[in-house]
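What follows is a single structure, written as structure tokens, with notes after it.
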Amino acid sequence: MSAIPLPSALVNRLRSARRVAVLTGAGISAESGVPTFREAQTGLWAQYNPEELATPRAFRRQPKLVWEWYAWRQQRIRQAEPNPGHQALVSMERHIPEFTLITQNVDSLHRRAGSHQILELHGNIFRTKCFSEDRPVESWPDGDEIPPRCPRCGGLLRPDVVWFGEMLPATALHAAEHAAATAEIFFSIGTSALVYPAADLPLRALDAGATVVEINPQPTPLSSRVTFSLNGAAGEILPALVAQAWEAI
Ligand code: BV8
């Protein structure tokens, strides 16, 4: 039995739930060693504000710098492994008839952990697309030019992530909004709840009468609104929640 005291009302509600939606942010990957989006950047990147680099404007002005920032992040993520928080969500998916995992993360760690129903709201750092055509590019000839160029049109290649000021993928966003509006329980895990429209999803769930649970060691603008605010690390709380809901019986 896990040592972490969790509200029995939540454990019982989760055990009998049929429709659950989960929104994750960078915090769920923190215990895998992937720096969160807003924590201090290290080394070469310490002088840059991620919200300024993750924009089309930054790419137009300094394409090489932005491409190299993403290449550095890709390398950090490749060295990371899914952690017990990611794995607990794989277990949860197995126990819940209608389970939707919505992530703001671009790191593929949920997929590597074994989750299936994943909605990537902000794209994926390991996919590349042409900046001019806005179409995916699977491969391109080796060369010294950074960023590399589109083999179809010669435009610059960029990571297939959603930058600030860019629209989210409509299909994923609509599916996420539907999941938020119909969930019995909505989890907001490891996100500062600052970035829209993702941060709107737990509010939609609240408006629809769902039980909303936040898991975060720090308070966020959402904390005062949720049904249960669990202050701690996702890698500790989620395994305890799954154990108490389905393994302790
Ligand atoms: C949009 C991908 C419509 C790239 C990201 C002006 C002009 C245009 C738009 C706006 C504007 N003003 C505001 C907006 C809207 C803007 C926005 O919300 N801005 C905010 C900052 C106010 N949103 C957008 O631009 C979105 N698009 O609105 O389009 C539009 C179009 C045109 C014109 C007008 C409108 C696009 C948003 C997507 C941006 N891309 N990422 C990349 O990764 O490089 S967002 C970025 O922030 C991250 O990737 C992440 O997805 C997102 C949220 O961050 P978090 O995941 O929450 O991470 P963070 O570091 O903030 O927090 C980590 C949390 O974990 C902390 O709370 C910490 O306590 C916790 N934690 C730490 N350890 C643990 C833990 N929790 C649990 N366990 C632990 N162990």
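Only the coordinates and a few stated rules stand behind these numbers; no lab work does. Bear in mind the structure is a predicted one, so any value in this text is a computation, not a measurement. As a convention, Cβ positions derive from the backbone with ideal geometry for all residues, glycine included, and neighbour counts pool all protein chains shown.
Points worth noting:
- Remark: relative contact order (region 90-249) = 15 percent; criterion is Cα-Cα distance under 8 angstrom and separation of 6 or more residues.
- A convex hull fitted to the Cα coordinates of region 93-170 yields 115 cubic angstrom per residue.
- C-alpha long axis of helix 84-95 to longest principal axis of the chain, angle in °: 60 degrees
- For region 134-249: rounded, prolate or oblate by the Cα gyration tensor [a/c cutoff 1.5]: prolate
- Rg/Rh (Cα only; Kirkwood hydrodynamic radius) as it applies to region 69-135: 1.04
- Listed peptides 87-99, 70-82 appear in the order 87-99, 70-82 once ranked by packing, highest mean of other Cβ atoms within 10 Å at the front.
- Share antiparallel - DSSP beta bridges, the chain, percent rounded to 5: 25 percent
- Hydrodynamic estimate: the Kirkwood radius of region 188-249 over Cα pairs, inserted into Stokes-Einstein at 37 °C and 0.692 mPa s, corresponds to D of 267 µm²/s.
- Each other residue within a Cβ distance under 14 Å of Phe186 adds +1 if Lys or Arg and -1 if Asp or Glu, for a net charge of -1.
- Assuming charge only on the beta carbon of Lys and Arg (+1) and of Asp and Glu (-1), the dipole of region 1-76 about its Cα centre is about 380 debye to the nearest 20.
- Using alpha-carbon coordinates, inclination of helix 63-78 to the longest axis of the chain, degrees: 40 degrees
- The C-alpha atoms of the chain define a longest principal axis, and helix 170-182 lies at about 10 degrees to it.
- GNM flexibility winner over the chain from Leu201, Leu65, Leu173 (Cα, springs under 10 Å): Leu65
- Burial order of peptide ranges 156-169, 13-26 (average beta-carbon count within 10 Å, highest first): 13-26, 156-169
- Mean residue ellipticity at 222 nm, helices only, the chain: -9500 deg cm²/dmol; runs of at least 4 DSSP H residues each add -39,500 (n - 2.57), and the sum is divided by the number of residues.
- If the Kirkwood radius is taken over C-alpha pairs of the chain, then at 4 °C and 1.567 mPa s the Stokes-Einstein diffusion coefficient equals 68 µm²/s.
- Listed peptides 106-119, 219-232 appear in the order 106-119, 219-232 once ranked by packing, highest mean of other Cβ atoms within 10 Å at the front.
- Computed over region 1-131, the P(r) tail beyond 27 angstrom holds 30 percent of alpha carbon pairs.
- Extension gain for Lys64-Arg15 works out to 12.7 nm (0.36 nm per residue, less the C-alpha to C-alpha distance).
- Cα centroid of region 100-122 to Cα centroid of region 27-52, whole Å: 19 Å
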